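Notes for the one structure printed next.
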Amino acid sequence: MPNPQPVQLLFQFKTAGNLNAQATKFLKEQVSAQIRTSGAFSEVSEAPVNGGAVMQVSIDNLIAQGAVGQGISAGLTFGLAGQLVADNYEAKLEYVSGPTATAVTTTTRHRLLTVIGLHADPENAVRVRNANEGIKMIVRQILDRLVTDLTRDPRFGASAPAAPSSDPAPLTPAETTEPALAPAE
Amino acid sequence: MKRLLTQVALVVTLAVAGCATPAAQLPPTLDTLQAFRTATFPSMSLGTFELAPGLPPGMDRGLMVRAESLRPPNGLSFAQFLKDTMEVEMTAAGRFDPASSVVISGQLTVSEVTTMSTPNGALGARFRVHRNGVEVFNKELVVRDSWEFQFIGAIAIPEAQARYTALYSKLVRSLVNDADFRLAVSP
């Protein structure tokens, strides 16, 4: 990035549209560190920065219809009625370069699949050890996509693309190419 | 029989006492931050936030959502939670200065939530602003929210708690966007 600028970062993790404070706290440092190392900004801070640029990242874990029933079904049969539960995530990045600037918005979606009981692994999924590792991978890939799309937007202050992070995510939508598979704990 | 009833009462008491959830601390939001920045706000400080006179003290310390009690995140009071939320938003917007002569104070006037029939919540406060000790603003603001009914408590209770908690950010944003408030605090 030829002339990266500082940015104030706001982050929220939501569940079904409502703030999830515990998940926000769990992921906040990961989000901050990843944006810091993306190369898109000279500084990432929770406090106001010179120039007044602000970026808000929100990730919303949507609750699929019937998810509760799937869990009950698997539980009552002690796992014999295996289930594949999908956690869908919608993410949005909003960036304003200054107090009166128009917001630049990028969005993406992702999916975390969880096998409960006896059920075959889904195709094209990357297996992870547990749900925590799964969500961290999902968030890492979401951020790579959001920040890359932002830096490619001509309205973004500096036009050159960001330097890739140390562990880049695929740039195609992850929900169709590389959903995570987290086995039930 | 009396001993059995005592034991049942003890179990019920312990069960209810165990169902106290602290409300979530709220992070700053882009909407409020931008609302602060698009107007000519000075840096401001925060004064006393307390329950409005005449209201039951318990209203400031907890809120029942079905059988579960929602507590303020700081363990003190919902009025203090409102003050904390204001400080978070003002700090993120660069408008908080504890030494400022423009002081915002507040009295909690409305704090309610229900999960029955048409689930809804409301939060209100009377805000006052003093500039160099002179009152320049005095107004009650109330914000509301409503959502779809859920029968299952495991879904309905967290939903209601989250919706009620989000009203604190909404009330702060309502104040920042209030035309009379903007006029009163403008330098």
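Values in this text are rule-based calculations from the coordinates and carry no lab data. Predicted model only: the values in this text are computed from it and were never measured. When we count neighbours, we look across all protein chains shown, and the Cβ atoms used for this are built from the backbone with ideal geometry, even at glycine.
In a reduced charge model with +1 at each Lys and Arg Cβ and -1 at each Asp and Glu Cβ, segment B:111-186 shows a dipole moment near 300 debye about its Cα centre.
Spatial offset of segment B:89-142 relative to segment B:38-66 amounts to 6 Å, using the alpha carbon center of each.
When chain B is treated as a Gaussian network with alpha carbon springs shorter than 10 Å, the biggest mean-square fluctuation among B:Ala156, B:Ala67, B:Ala92 belongs to B:Ala67. Here the simple spin-label model places points 7 Å from the Cα toward Cβ, and for B:Phe151 and A:Thr105 these points are separated by 3.6 nm. Farthest toward the positive end of the dipole of segment B:21-185, out of B:Pro56, B:Pro22, B:Val129, is the Cα of B:Val129, where the dipole comes from beta carbon charges about the Cα centre.
Here segment B:21-185 is treated with +1 on each Lys and Arg Cβ and -1 on each Asp and Glu Cβ, and its dipole about the Cα centre works out to around 160 debye.
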